[in-house]
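Take a look at the structure below.
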Amino acid sequence: MLLSPLSLFSLVANRLARCSVFFIPLALGLLACGEQAKTPPAEPEVAMPSVDSESAGDAPAASADTVYAIAVLPFRNASSDPDQIYLADGLSEELLDLLAEVQSLRVVSRNSAFQFRDRNTDVAEVAESLGVAYVLQGSVRKTDADLQIAAQLVRAHDGAQLWAEEFDASLEQIFEIQDDIANAVVAALGIELADGALRAEAVNPDAYLLWLEGRFIYAKWGEENFERAIDAYQSALRIDPEYVEAWASLSVTYLSQTLSGYRELALGLAQARFAIEKALEFDPDRPSVLARLANIQTKFEWDWAGARETVNRALEIAPNDERVLGAAANLANSLGQGVEALRYREQALALDPFNLLSLYNVAEALHRLGRLSDARTAYGKVLELDPEDWGTHTQLAIIMLQQNEPEAAWRELGLEVDPQQQEYGRLLALPALGREDEVAERLKKFVEEHQSWAAYTLASIHAWHDDPDRAFLWLDHAFELHAAPLSQVLLEPTFVGLHEDPRWGDLLERMGLPVTD
């Protein structure tokens with residue numbers, strides 16, 4: 001995901017907390033595992049599929065060339081128990097994923113749609129904000145093993161209710177209800193499905209509820225929540241040992257524990273690898289699982305040839321899957337193919353133009369290519385959507401430093417909400433402000449507080465300060481730790497000054513990366 005040299009724990013925790021669980025597609029850039037590096041392959045031979053970004057019309061009049069834009073808002077938890085919100089969220093996400101299978105629909109991502117949870121905003125305002133013509137919303141009430149689910153499809157510009165229904169059913173019928181709702185939405189829009197009706201993946205309903213609960217708990221982050229999520233996934237797998245999504249979610253959680261320092265490195269990565277292999281054993285062609293595997297190979301194993309093979313396979317199966325596009329971009333970044341990485345990031349953004357994470361990733365890709373003005377504009381758009389977006393003010397400040405605007409950079413850093421990112425940016429900015437006397441003391445404190453995880457970050461600071469000896473000392477330490485951010489070192493802007501040093505080529509050779517000229 002975001003690979004600027006920052007606190008790994010803070011990076012994963014804050015960014016995932018904002019993007020929630022299944023954006024674990026893109027967060028997976030960091031959530032992966034690895035063993036050994038291998039020699040670099042040729043550039044990935046992957047086709048770039050076209051993206052149809054035509055917006056939806058105002059009335060159901062489907063044709064082969066029509067694309068309808070729809071948002072699935074988080075269903076309201078109508079149960080007396082507030083903890084049942086995980087079920088309402090899960091139903092919303094499953095409907096979103098089902099509808100996303102329809103080529104005639106552009107479905108806004110969970111990340112964008114769920115920002116309207118608990119907000120008293122009418123449908124027209126929501127639709128305008130998300131750039132959609134239709135909104136699906138509803139509620140869920142669970143009593144023991146019984147469900148009451150209400151859903152309605154609304155046309156945004158006039159508030160017309162195109163379809164609505166209430167369901168009284170048992171938990172065992174939850175997948176049938178998902179099918180009924182998704183197919184009713186498609187029918188109400190006048191879309192004919194060439195491959196027949198939509199069908200949700202039916203698993204054991206008790207295992208399904210445990211998986212939904214685990215995902216919800218995981219998104220809260222933290223040591224205790226990780227353990228609770230693992231317990232939920234393992235309970236689901238005891239019921240259904242072939243539950244692919246439970247294995248995949250278990251893998252991600254082991255990685256999050258490991259990266260956060262809650263699980264020993266070798267053990268955590270081995271457990272994560274085992275879990276993703278189990279998921280592939282039961283479904284070797286699931287794009288979301290292949291994307292996870294590709295990121296494992298890229299970020300932790302530094303297995304560029306294996307990652308290329310996995311990415312190509314995933315793109316062939318699902319060329320417009322955001323998780324797959326994220327994995328492809330991560331691999332391209334690692335191999336120094338910044339133009340290709342940007343294309344994948346832009347393709348993902350075109351699929352969901354209001355996705356904050358995708359917009360951030362495009363900005364980062366532009367920054368890595370040295371397109372500073374374009375990156376600055378893109379980061380600015382991120383902050384228009386969320387003025388307190390974690391890390392974006394620091395990235396803007398770095399660009400300002402690159403453009404010889406140290407005073408503006410310092411002011412921008414004052415807006416950064418994450419204290420570690422803020423201090424990192426200030427350590428970069430102080431010399432340009434003529435305040436070199438402050439650097440040594442602040443850097444000493446930074447090392448004392450963060451050296452257990454911050455080898456890559458400290459290498460970045462020393463490289464920026466034109467201190468290559470200390471930079472390579474920390475880069476070597478990051479190599480010994482097999483630090484995940486090191487996998488994207490080729491395009492890191494703060495290391496540009498090291499590229500002519502012979503030690504730079506030596507580091508890349510040890511990692512099996514292409515040696516830059």
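The values are calculated or read from the model by the stated rules, or taken from the named source; none is laboratory data. Predicted model, so just to flag it, every value in this text is computed and none were measured. Because the Cβ atoms are built from the backbone with ideal geometry, glycine has one as well, and the counts that use them run over all protein chains shown. All accessible areas refer to the heavy atoms of the entire protein, side chains included, with ligands and DNA or RNA removed. Shrake-Rupley method; radii C 1.70, N 1.55, O 1.52, S 1.80 Å.
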Within the set of pairs 6 or more residues apart or between chains, which connect a residue that is at positive phi inside the stretch 301-320 to a residue that is of a type in the set (D, E, K, R) with Cβ atoms less than 9 Å apart?
-> TRP302/GLU35; TRP302/LYS38
Checked the stretch 339-375 for anything part of a helix (DSSP H, G or I), at pLDDT 95 or above and surrounded by fewer than 20 Cβ atoms within 10 Å (Cβ to Cβ); matches are VAL339, ARG343, GLU346, LEU372, SER373, ASP374
Just one of (1) part of a helix (DSSP H, G or I); (2) touching a helix residue (DSSP H, G or I) at 6+ places or on another chain (Cβ under 6 Å) trips up ARG510, so point out which.
-> (2)
Within the stretch 130-155, track down each residue that is open to solvent by 10 Å² or more (accessible area, probe 1.4 Å) and not in a strand (DSSP E or B).
-> GLY131, VAL132, ALA133, ASP144, ALA145
Are any residues in the stretch 378-387 part of a loop (DSSP other than H, G, I, E, B) and touching an Asp or Glu at 6+ places or on another chain (Cβ under 9 Å), and if so, which ones?
-> none
Residues of the stretch 459-488 satisfying the condition of being free of Cβ contacts under 8 Å to residues at least 60 places away in the same chain and touching a Ser or Thr at 6+ places or on another chain (Cβ under 7 Å) = ALA463, TRP464
Of ASP81, ASP180, ASP122, ASP97, which residue is farther than 29 Å from VAL382 by Cα and either at pLDDT below 95 or under 26 Å from the mean Cα position of the chain (by Cα) (or both)?
-> ASP81
Sort through GLU128, GLU165 and tell me the only one that's modelled with pLDDT of 95 or more and out of contact with any helix residue (DSSP H, G or I) (no Cβ under 6 Å at 6 or more places or on another chain).
-> GLU165
Spot the failing condition for ALA184; the list is (1) under 26 Å from ALA219 (Cβ atoms); (2) touching an Asp or Glu at 6+ places or on another chain (Cβ under 7 Å), and only one is missed.
-> (1)
When only residues in the stretch 396-434 that are within 16 Å of HIS462 (Cα to Cα) and without any contact (Cβ under 8 Å) to a residue 24 or more places away in the chain count, which is surrounded by the most Cβ atoms within 10 Å (Cβ to Cβ)?
-> ARG426
Sort out which residues of the stretch 489-502 are touching a residue at least 60 places away in the same chain (Cβ under 8 Å), closer than 16 Å to VAL515 by Cβ and in a helix (DSSP H, G or I), and write them in order of number.
-> LEU490, LEU491
Those residues of the stretch 120-164 which are polar (S, T, N, Q), closer than 29 Å to LEU356 by Cα and out of contact with any strand residue (DSSP E or B) (no Cβ under 8 Å at 6 or more places or on another chain) amount to ASN120, THR121, SER129
Conditions (1) modelled with pLDDT under 95; (2) open to solvent by 10 Å² or more (accessible area, probe 1.4 Å); (3) closer than 25 Å to GLN422 by Cβ; (4) in a helix (DSSP H, G or I): number failed by GLN297 | (3)
Residue in the stretch 489-512 that is at pLDDT below 95 and touching a Leu at 6+ places or on another chain (Cβ under 7 Å) present | no
